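Colleague: Below are the structure tokens for one structure; questions will follow.
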Amino acid sequence: MEELVRPWRLGPRGRWWFDVLLAGTLFLIIPFYAIQALLDGGAAQDVSSASHVVDLVLVVVQLVPLLWRRRHPVIVYAVVASACALQVLLLDYPLVSQVSFPIAVYSVARYARPRWGLAALAVGLFGSVLGAYDWLGAVDAASNNASQDAINWSTYVPVVLSLATFPVAAWALGALARTRTAYVDSLIQRNEQLRREAEQRAELGATQERARIAREMHDVVAHGLSVIVVQADGARYAAEQDPALAPKALETVAQTAREALAEMRQLLGLLRDGDTLTRPQPRLGDIATLVEETRAGGMELTANLPEPGLAVPEGVALTAFRVVQESLSNVRKHAGPGAAARVTVTADDGSLTIEVADDGRGAAADATAQSGGLGLIGMQERISAHNGTLETGPASGGGFRVYARLPL
């Protein structure tokens, strides 16, 4: 699965350095006011000296808390806003350090809950009204000795609006950044969830594929070895009684072993990485070859098979072949010596019907098949995968019967 590309963000160390650089740049304002306070410090009773000391204290209180604006945005905003309120009460002019107020508003809107951001915006708008009133009143009083209570609205309103743009813009940027971060986080979380689901589906698919391969291996090995055992026993007896029959039996053993080995290589190739060259899966027409091989092994077998050109889905054809293969293997293993079998495969009414019956030990074979073997279980799993039905058990009149129906 393609690796998730995360959006670029400052890490914890990057955010710390950014805050240090921001605060450090703003701290350059502090020496300016400190130098002014020192230059005027010679006159202890000088009003300007006391004013510069107040300026220095307010500048420090407004700027220093910005170092903690991410971790404690509400507290930092409260300290900065209180310092700005004191400035309105104590001074009649603005300070350069007041740039900390919109930064604090942004921090609250960005890192705190939305209601705290709205509260900070409301306080900022109210502060714009008071600050404009205080500063313009002082300017008017100094210029024409007019009373501070007389407001020049033509000047006052534009100044209020100009000051209000700073907290409004800061709040909008902070709220937008908070919303974007939440949206990106939700996308990342959803992508992580989809990745985990894809991994789970892949793992489940691999488990199902391993189970399918295990069924295939069981069918291939069980059928091949049962034929080999029967033919090897026949070759041993033929070598004692009629040596001319031994080569034919051994040839059948070798052919069956080669076919079983080829199928096992095909299945094992599925477990390896990369492309593998595999032989085609058995089809419906291969049942006739299976019947001939079984007859060659010495079993008395009659077969009623469909026309060679009958077209059925590949999965259904493979399942039908494996059912017949496993059933004939069970006949060889459990029906007893001299047992005869009958194979019937018909296609009608939108379904494929498979029946394999023998006249062997019947109930004893059923008990043996249920004693822990996986053949019947594998047949049931294959047929259930195609929504088919399977019936197994002793046949009436003796023997054992396997009956399966697969929808086409």
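The values are calculated or read from the model by the stated rules, or taken from the named source; none is laboratory data. It should be emphasised that the depicted structure is a prediction, and the values quoted were computed from it without experimental measurement. So basically every Cβ, Gly included, is an ideal-geometry build from the backbone, and we count neighbours across all protein chains shown. The accessibility values were calculated without ligands, DNA or RNA, using every heavy atom of the protein model including side chains. Shrake-Rupley method; radii C 1.70, N 1.55, O 1.52, S 1.80 Å.
Colleague: If I filter segment 273-290 down to residues being over 17 Å from Ala347 (Cβ atoms) and at pLDDT 80 or above, which single residue comes out as least open to solvent (accessible area, probe 1.4 Å)?
Modeller: Step by step, filter segment 273-290, then rank; the result is Leu290.
Colleague: Considering only residues that are open to solvent by less than 30 Å² (accessible area, probe 1.4 Å) and modelled with pLDDT of 70 or more, which ones fall in segment 205-234?
Modeller: Of everything in segment 205-234, nothing turns out to be open to solvent by less than 30 Å² (accessible area, probe 1.4 Å) and modelled with pLDDT of 70 or more.
Colleague: Would you pick out the residues in segment 379-394 that are in contact (Cβ under 8 Å) with a residue 24 or more places away in the chain and in a loop (DSSP other than H, G, I, E, B)?
Modeller: If the condition is that a residue be in contact (Cβ under 8 Å) with a residue 24 or more places away in the chain and in a loop (DSSP other than H, G, I, E, B), then His386, Gly388 are the ones that fit.
Colleague: Another question, then. Taking the condition of being open to solvent by less than 60 Å² (accessible area, probe 1.4 Å) and not basic (Lys, Arg), how many residues in segment 106-121 meet it?
Modeller: Selection size over segment 106-121: 8.
Colleague: Could you list, in sequence order, all residues of segment 77-105 that are under 17 Å from Leu121 (Cα atoms) and either open to solvent by less than 10 Å² (accessible area, probe 1.4 Å) or among the basic types (Lys, Arg) (or both)?
Modeller: Within segment 77-105, Val80, Ala83, Ser100, Ala104, Val105 meet the criteria.
Colleague: Residues of segment 291-315 being of a type in the set (A, V, I, L, M, F, W, C), outside any strand (DSSP E or B) and at pLDDT 85 or above, which ones?
Modeller: Val291, Leu305
Colleague: Are any residues in segment 174-194 loosely packed, with under 12 Cβ neighbours inside 10 Å and either under 18 Å from the mean Cα position of the chain (by Cα) or touching a residue at least 60 places away in the same chain (Cβ under 8 Å) (or both), and if so, which ones?
Modeller: Asp185, Ser186, Gln189, Arg190, Glu192, Gln193
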